[in-house]
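Data first, discussion second: the structure below is written as structure tokens.
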Amino acid sequence: MEIPSKFEPGKAESRWYKYWMDNGFFKSTPDEREPYTIVIPPPNVTGVLHMGHMLNNTIQDVLVRRARMLGKNACWVPGTDHASIATEAKVVAKLKAEGIEKRDLTREEFLEHAWAWTNKHGGIILEQLKRLGASCDWGRTLFTMDEKRYDSVIKVFVDLFNKGLIYRGVRMVNWDPQAMTAVSDEEVNYTDEKSKLYYVRYKIVGEDGSVMVATTRPETILGDTAVCANPDDVRYQHLKGKMVIVPMTNREVPFIFDSYVDPEFGTGCLKITPAHDINDYEIGLRHKLPTIDVFNDDGTISERAGMFIGVDRFKAKDLAEKELQRTGNLVKVENYDNKIGRSERTNAVIEPRLSMQWFVKMKDLSVPALDAVMNDDVLIHPAKFKNLYRHWMENVRDWCISRQLYWGHRIPAWYYNNTEFVVAENVTQALELARETTGNSSLMEKDLRQEEDVMDTWFSSWLWPIVAFDGINNPDNTDIKYYYPTNDLITAPEILFFWVARMIIAGYEYRGQKPFTNVYLTGLVRDQQRRKMSKSLGNSPEPIDLIEKYGADGVRVGMLLCSPAGNDLLYEDSLPEQGRNFANKIWNAFRLVMSWEIDETIGQPESSSVTVKWMEEIMNKSVSEIDLNFNKFRISEALMTTYKLFWDEFSGWYLEVIKPSYQKPIDRVTYDATIEIFDKLLKVIHPFMPFITEEIWQYMISRIDGESIMVARMPEAVNFDKKLIESFESVKETISAIRTVRKSKEIPMKEKLDLLIRSDKDNFDTEFLSVISKLCNLSGISFVSEKQEGAVAFMVRTTEYFIPLAGTQDVEGEIVKLEEGLVYNKGFLDSVMKKLANERFVQNAPANVLEMERKKKSDAESKIKSLEERLDELKSL
């Protein structure tokens with residue numbers, strides 16, 4: 001079989017992905033094996049692959065492929081999220097471009113457009129994930145609004161309502177005027193922005209005086225129903241029981257006192273607008289103040305304001321400033337740095353607004369989920385996010401779950417008059433309940449009106465690990481009992497609270513146990529200026545273009561090389577390029593090995609025999625380190641260990657030692673050992689680089705149809721010989737030192753050298769001398785007890801080596817190098833001595849650390865002595 005000179009990722013990726021799919025390697029059904037389960041964080045159904053998806057799904061695929069090779073029944077469940085606000089916004093924009101307004105359509109007509117849009121654009125991202133190599137069980141693909149998931153969400157709403165955990169009421173909510181819906185606290189991003197602070201005069205009724213109020217929202221003065229000061233503020237005691245006049249409206253409102261007011265802020269007086277500020281709302285409740293909502297749903301000024309009706313809120317701010325100036329009530333305006341809340345979905349400035357909404361009571365529900373993380377039943381990686389989780393859960397507020405949209409799970413409440421309602425899974429059950437509640441058996445379905453609002457998208461995705469296996473509709477089915485709880489969740493820190501925490505809550509509420517054991521939080525993918533990747537900034541490459549250019553394996557390695565858990569990845573094209581170079585390194589090493597001719601008659605050289613033994617031990621050591629890194633979710637470190645194992649140890653050392661001389665054959669024993677080692681290396685690399693490893697594995701020996709590296713067993717960690725590995729490290733240093741001598745003395749490699757070792761042979765590890773001899777082209781290795789005049793000397797650890805030179809020696813140059821080495825080693829010894837002289841360090845340092853420092857001291861002293869002796873010798877010439 002002819003092996004191509006270059007690895008062609010495009011051809012290999014399509015060929016092997018089809019092969020894996022055709023053979024059903026991604027499919028999972030319950031059996032006697034240990035399950036390993038991941039549910040994909042569902043991307044928006046109409047979304048496309050971005051850099052964050054690439055990182056997140058690469059990590060998931062690495063974990064799933066590795067689990068599969070460890071003999072587990074790996075199940076990776078894919079799916080998409082209906083994304084209420086984002087999808088509806090796209091459909092509204094599409095209709096607008098066609099000259100159609102949402103308000104001109106019935107709900108049913110709009111949903112026809114939404115489903116058509118979803119069916120046309122939905123699932124693109126899942127196809128793109130296949131290009132990355134994602135080994136999902138595609139037969140299990142879910143959608144948060146497919147029939148089973150929809151029914152599950154409705155059932156949960158009804159259940160929580162019947163438990164008294166869902167209620168309807170007027171509350172202050174975060175209103176997105178662009179999407180025209182409420183959004184949860186977690187969907188509001190706060191940014192520091194330049195603003196203005198307006199100082200406004202409120203006249204006192206019946207007096208010539210006035211009080212001054214500082215506000216950043218002059219347009220909301222139209223909704224003021226009081227002015228307030230702190231009861232301990234002596235400046236305003238004379239205003240008890242007084243009324244003041246609201247500027248622009250000339251409305252008389254009471255001057256009240258409340259301890260919420262900070263006397264140090266502004267003038268110490270607050271305008272109270274209960275309809276448009278959460279704190280004002282609370283004050284309004286305590287003082288029984290009326291509310292005046294001055295905004296329409298779209299952020300324009302309402303009729304209740306009495307002025308600027310229909311004007312956009314930002315334009316109204318300018319108009320209010322001018323009106324206040326005209327009436328002489330604007331005292332001054334100052335620049336002010338303010339935190340502005342913006343909608344995560346639309347980036348519109350959020351408007352705090354009183355609204356009738358549906359809420360979930362979270363306080364009691366959240367207790368088991370808090371305990372689970374605090375007791376480490378659910379582990380968060382990295383652990384630094386544990387305290388953030390605790391803070392949020394201890395301060396959890398009721399969850400506003402209603403959204404004023406058409407696209408989503410419609411709230412299953414039916415009104416039988418203007419305000420009273422029943423909650424049921426369907427209209428048939430609702431009618432039965434309504435008749436029972438009212439005692440009116442003549443009620444008909446046409447007499448019921450279903451709630452117009454839909455549920456928050458997160459109210460469906462908080463059930464994701466359960467509904468992935470239909471655990472709400474069929475709580476005792478085989479899949480849910482086998483696959484739940486899942487193992488690992490890979491997601492981003494920014495959704496730790498409003499997705500991860502809520503899934504844990506739902507898990508304990510509906511399964512009585514955690515939904516997963518580990519939560520691995522990736523960082524954000526940023527550019528080199530640490531800006532978040534975004535298309536608007538033009539700093540986000542197209543993932544599919546990267547795959548076309550560098551290959552899927554190259555991109556996967558590039559994404560993982562420098563992305564430790566919880567830390568941001570600073571992306572640049574050199575990362576996937578490094579991944580591609582690694583793929584090329586593997587391919588070229590494979591071609592080299594396969595090009596060797598085997599001679600069955602020749603014996604195995606000693607250098608090859610000992611190097612095979614060393615490579616097997618370094619493999620065992622590396623596999624142990626990789627296992628440890630995976631167990632601690634140090635996935636980047638696991639990749640780096642794998643990378644170095646192949647690039648440095650196998651290619652850089654092993655192949656250099658065992659490869660036959662030019663146009664010479666290799667012995668059968670070494671060749672077979674090399675193929676076996678290569679096979680193990682490919683298995684270790686496979687989770688990171690599935691395509692090239694499958695390609696090489698299939699080329700390596702004849703395979704039958706249905707065989708694949710992805711279902712082969714991963715090499716297991718076994719004990720390794722630390723002493724042998726350490727001995728070879730000394731050999732590497734010796735070889736490097738001899739090569740340095742050759743280079744500095746300009747001695748060609750073809751010219752043989754003698755090596756003299758100042759040591760007692762019986763006390764020297766001679767196991768790898770044949771390796772030194774081969775790689776350094778030595779004519780002989782001898783042991784001596786004295787220094788050798790006229791020879792180049794060098795130290796490796798505490799042993800001195802000599803290379804006799806036939807020609808003249810650059811004595812002066814040698815003296816300069818030795819003196820530089822002496823200065824360095826004396827400085828090093830000085831730093832070690834300072835540590836050992838530090839009583840605090842000696843008392844507190846672990847025993848192994850102290851032992852290491854003392855060994856450093858001994859080694860440095862030995863080197864210094866040798867260097868000084870050599871200098872004396874040269875200076876006497």
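Quick check on my filter: what residues within region 366-381 are at pLDDT 95 or above and either over 27 Å from the mean Cα position of the chain (by Cα) or farther than 30 Å from residue 285 by Cβ (or both)? Matches in region 366-381: 368, 371, 372, 373, 374, 375, 376, 377, 378, 379, 380.
Condition first: at positive phi, at pLDDT 95 or above, within 47 Å of the chain's Cα centre (by Cα) and of a type outside the set (S, T, N, Q). Can you find one or more residues in region 306-319 that meet it? There is at least one residue in region 306-319 that is at positive phi, at pLDDT 95 or above, within 47 Å of the chain's Cα centre (by Cα) and of a type outside the set (S, T, N, Q). Among the residues of region 58-99, those identified as in a loop (DSSP other than H, G, I, E, B), more than 23 Å from residue 716 (Cα to Cα) and in contact (Cβ under 8 Å) with a residue 12 or more places away in the chain are 78, 82, 83. Residue 296 - would you say it is open to solvent by 50 Å² or more (accessible area, probe 1.4 Å) and closer than 29 Å to residue 83 by Cα? In short, yes.
Could you tell me whether region 816-836 includes any residue that is open to solvent by less than 50 Å² (accessible area, probe 1.4 Å), at pLDDT 85 or above, under 18 Å from residue 742 (Cα atoms) and out of contact with any strand residue (DSSP E or B) (no Cβ under 8 Å at 6 or more places or on another chain)? Scanning region 816-836 turns up no residue that is open to solvent by less than 50 Å² (accessible area, probe 1.4 Å), at pLDDT 85 or above, under 18 Å from residue 742 (Cα atoms) and out of contact with any strand residue (DSSP E or B) (no Cβ under 8 Å at 6 or more places or on another chain). Taking the listed residues 633, 688, the one that is modelled with pLDDT under 95, buried (at least 22 other Cβ atoms within 10 Å of the Cβ), under 21 Å from residue 68 (Cβ atoms) and not small (Gly, Ala, Ser) is 633, with no other qualifying.
Just checking, which of 65, 15 is within 29 Å of residue 583 (Cβ to Cβ) and crowded, with 22+ Cβ neighbours inside 10 Å?
On the way: 15 fails: crowded, with 22+ Cβ neighbours inside 10 Å.
The match here is 65.
Screening 749, 714 for residues that are part of a loop (DSSP other than H, G, I, E, B) and touching a Leu at 6+ places or on another chain (Cβ under 7 Å) leaves exactly one candidate, 714. When residue 406 is tested against (1) touching a Lys or Arg at 6+ places or on another chain (Cβ under 6 Å); (2) open to solvent by less than 30 Å² (accessible area, probe 1.4 Å), only condition (2) is not met. Yes or no: residue 676 free of Cβ contacts under 8 Å to residues at least 24 places away in the same chain, under 34 Å from the mean Cα position of the chain (by Cα) and at negative phi? No, not satisfied. Put simply, of 30, 9 the only residue that is open to solvent by 20 Å² or more (accessible area, probe 1.4 Å) and either in contact with a strand residue (DSSP E or B) (Cβ under 9 Å, 6 or more places away or on another chain) or free of Cβ contacts under 8 Å to residues at least 12 places away in the same chain (or both) is 30. Taking the criterion of being in contact with a strand residue (DSSP E or B) (Cβ under 8 Å, 6 or more places away or on another chain), outside any loop (DSSP other than H, G, I, E, B) and open to solvent by 10 Å² or more (accessible area, probe 1.4 Å), the only residue of region 176-186 that qualifies is 185. Tell me whether region 83-96 contains one or more residues that are open to solvent by less than 60 Å² (accessible area, probe 1.4 Å), under 30 Å from residue 297 (Cα atoms) and of a type in the set (D, E, K, R). The answer is yes, given that some residue of region 83-96 is open to solvent by less than 60 Å² (accessible area, probe 1.4 Å), under 30 Å from residue 297 (Cα atoms) and of a type in the set (D, E, K, R). Filtering region 200-216 to residues that are in a loop (DSSP other than H, G, I, E, B) and modelled with pLDDT of 95 or more leaves only 205. For region 541-564, a residue qualifies if it is assigned to a loop (DSSP other than H, G, I, E, B) and open to solvent by 30 Å² or more (accessible area, probe 1.4 Å), and the qualifying residues are 541, 542, 562, 564.
Can you pull out every residue in region 39-57 that is among the polar types (S, T, N, Q) and either within 21 Å of residue 690 (Cβ to Cβ) or outside any loop (DSSP other than H, G, I, E, B) (or both)?
Once the filter is applied, which keeps residues that are among the polar types (S, T, N, Q) and either within 21 Å of residue 690 (Cβ to Cβ) or outside any loop (DSSP other than H, G, I, E, B) (or both), region 39-57 yields 44, 56, 57.
The residues on offer are 490, 480, and the sole one that is more than 15 Å from residue 56 (Cα to Cα) and β-branched (Val, Ile, Thr) is 480.
Take the conditions without any contact (Cβ under 8 Å) to a residue 24 or more places away in the chain, of a type in the set (Lys, Arg) and in a helix (DSSP H, G or I) and apply them to residue 18. Does it pass?
Numbers: without any contact (Cβ under 8 Å) to a residue 24 or more places away in the chain: yes; of a type in the set (Lys, Arg): yes; in a helix (DSSP H, G or I): yes.
Answer is yes for this residue.
Of the residues 651, 661, the single one that is assigned to a loop (DSSP other than H, G, I, E, B) and at negative phi is 661. Please determine whether any residue of region 197-207 is closer than 20 Å to residue 315 by Cβ, of a type in the set (Phe, Trp, Tyr) and out of contact with any Gly (no Cβ under 9 Å at 6 or more places or on another chain). Yes, the conditions are met somewhere in region 197-207. The set of residues in region 206-241 being touching a residue at least 40 places away in the same chain (Cβ under 8 Å) and either exposed (fewer than 15 other Cβ atoms within 10 Å of the Cβ) or of a type in the set (Lys, Arg) (or both) consists of 216, 217.
In summary, residue 263 fulfils each of the numbered conditions (1) at pLDDT below 95; (2) open to solvent by 40 Å² or more (accessible area, probe 1.4 Å); (3) more than 17 Å from residue 211 (Cβ to Cβ) with the single exception of condition (3). Among the residues of region 668-683, just one is open to solvent by less than 30 Å² (accessible area, probe 1.4 Å) and touching a strand residue (DSSP E or B) at 6+ places or on another chain (Cβ under 6 Å), namely 671. The one condition from (1) over 19 Å from residue 308 (Cβ atoms); (2) touching a residue at least 24 places away in the same chain (Cβ under 8 Å); (3) not in a strand (DSSP E or B) that residue 279 does not meet is (2).
Here 717, 712 are screened, and the one residue that is modelled with pLDDT under 95 and open to solvent by less than 70 Å² (accessible area, probe 1.4 Å) is 717. Go through region 629-648 and give me each residue that's under 19 Å from residue 709 (Cβ atoms) and either within 22 Å of the chain's Cα centre (by Cα) or not in a helix (DSSP H, G or I) (or both). 630, 638, 639, 642, 643, listed by residue number.
Just one of 387, 338 is open to solvent by 30 Å² or more (accessible area, probe 1.4 Å) and more than 24 Å from the chain's Cα centre (by Cα); which is it? Spell out how you get there, then give the answer.
Working: 387 fails: more than 24 Å from the chain's Cα centre (by Cα).
Result: 338 is the single residue among 387, 338 that is open to solvent by 30 Å² or more (accessible area, probe 1.4 Å) and more than 24 Å from the chain's Cα centre (by Cα).
Yes/no matrix, rows are residues, columns are (1) part of a helix (DSSP H, G or I); (2) of a type outside the set (D, E, K, R); (3) within 20 Å of residue 467 (Cα to Cα):
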site	(1), (2), (3)
114	yes, yes, no
118	yes, yes, no
127	yes, no, no
139	yes, yes, yes
149	yes, no, yes
156	yes, yes, yes
159	yes, no, yes
168	no, no, no
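Scanning region 753-799 for residues that are open to solvent by 40 Å² or more (accessible area, probe 1.4 Å) and free of Cβ contacts under 8 Å to residues at least 24 places away in the same chain yields 761, 762, 763, 766, 790.
The values are calculated or read from the model by the stated rules, or taken from the named source; none is laboratory data. Quantities reported herein were computed from a predicted structural model and do not represent experimental measurements. Positions of Cβ are backbone-derived with ideal geometry, glycine not excepted, and every protein chain shown enters the neighbour counts. With ligands, DNA and RNA removed, areas are computed over all heavy atoms of the protein, side chains included. Shrake-Rupley method; radii C 1.70, N 1.55, O 1.52, S 1.80 Å.
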